[in-house]
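This report concerns only the one structure given below.
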Amino acid sequence: MKIIVAIKQVPESDAQVRIDAAGKWIEEADLQFALNESDAYALEEALQLTEKHGGEVIVVSAGPERVGTTIREALAKGADRGLQIVCDDLGTRDALGVARLLAAAIKPENPDLILTGLQSEDLGLGQTGVIVAELLGLPHATLILHVEMTETGLTVKRELEEGWFQTIDLPMPAVLTIQSGGNKLRYATLMGIKRAKTKEVRILTAEELGVDSTPVIVLERVELPQKQKCTQILGGTAKEAAAALVEKLKFEARVL
């Protein structure tokens, strides 16, 4: 079984973000970058499937030359080889443009399964994996927490809302976008890091893939959120106030 995992390199979650001089994106010069969280869970799902059923895991990523470090990280965790699409203008491409790059790189591999993270931590659009499926003409499912192989294809567990799940069957090949938290992530071992240095990473360019770079959606401006203070007084009994506080923490602050 051949599984391709699309991964993205994003700024570390605790990075101090500044808007660049043009106001169209963040200043990247002093940032540290890491593997996107939900893509890490997609990689873990792929590794567990091949450990159980055999096959290979291929990671694909688009971006500037520095993306190679994130591909090597995935190889150190157990992926077999990588595809790196060198693309310095990734920030100007919308979700369709990025999906076109990934689909063009993936199609010749003829994989049995394609996994992506649910969404990226920088833009959070949650569209790229679904568009890849459409471009390749494959069935897809989103918000996946767990994947099981069956005689006829796949059985997947989807997270719908808090406490609500759905189990569906899919034929293969298929595209799945993976939700964070479904598995326990592994760390790269010292041996894995050494082996990653010798694993194949094929370098591709947007030009040789023949992908149109004209965006459908253009990002005109980026702004940092405005800080503001707001105080709410919760009335009623202590029990009623506590219940109201829990509701607000869940659905407004989203910290529970």
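Some points to look at:
- Normalised by the number of residues in region 2-209, the average gap of Cα pairs under 8 Å and 6 or more apart makes the relative contact order 26 percent.
- Packing-based ranking, highest mean first, of 144-156, 81-93 given that Cβ atoms within 10 Å are counted: 81-93, 144-156
- Looking at region 217-256, the trypsin sites (Lys or Arg not before Pro) that sit in a DSSP loop and have at most 14 other Cβ atoms within 10 Å of their own Cβ are 221, 227, 229, 254.
- Within region 1-103, the chymotrypsin sites (Phe, Trp or Tyr not before Pro) that combine a DSSP coil assignment with at most 16 other C-beta atoms in a 10 angstrom radius are 25.
- Between 0 and 90 degrees, the angle of helix 238-251 with respect to the longest Cα principal axis of the chain falls at about 30 degrees.
- Between 0 and 90°, nearest 10: helix 37-53 axis offset from the chain longest Cα axis: 50 degrees
- Once the chain from residue 243 to residue 51 is taken as fully extended at 0.36 nm per residue, the excess over their C-alpha distance is 64.6 nm.
- Helical runs (DSSP H, four residues minimum) scored at -39500 (n - 2.57) apiece and divided by the length of the chain put the mean residue ellipticity at 222 nm at -8500 deg cm²/dmol.
- Highest mean packing first, where packing is the average number of other Cβ atoms within 10 Å per residue, the peptides 16-24, 100-108 line up as 100-108, 16-24.
- Between helix 67-77 and the chain there is an angle of about 90 degrees, using the helix long axis and the longest principal axis of the Cα atoms.
- Region 53-154: C-alpha gyration tensor shape, a/c 1.5 cut-off, then a/b vs b/c: oblate
- For the chain, diffusion coefficient by Stokes-Einstein and Kirkwood Rh (Cα), 25 °C, 0.890 mPa s, µm²/s: 124 µm²/s
Each value in this text was obtained by applying a stated rule to the coordinates, not by laboratory testing. Note that the coordinates shown come from a computational prediction; the quantities given were computed from them, not determined experimentally. All Cβ positions, even for glycine, are placed from backbone atoms using ideal geometry, and neighbour counts span all protein chains on display.
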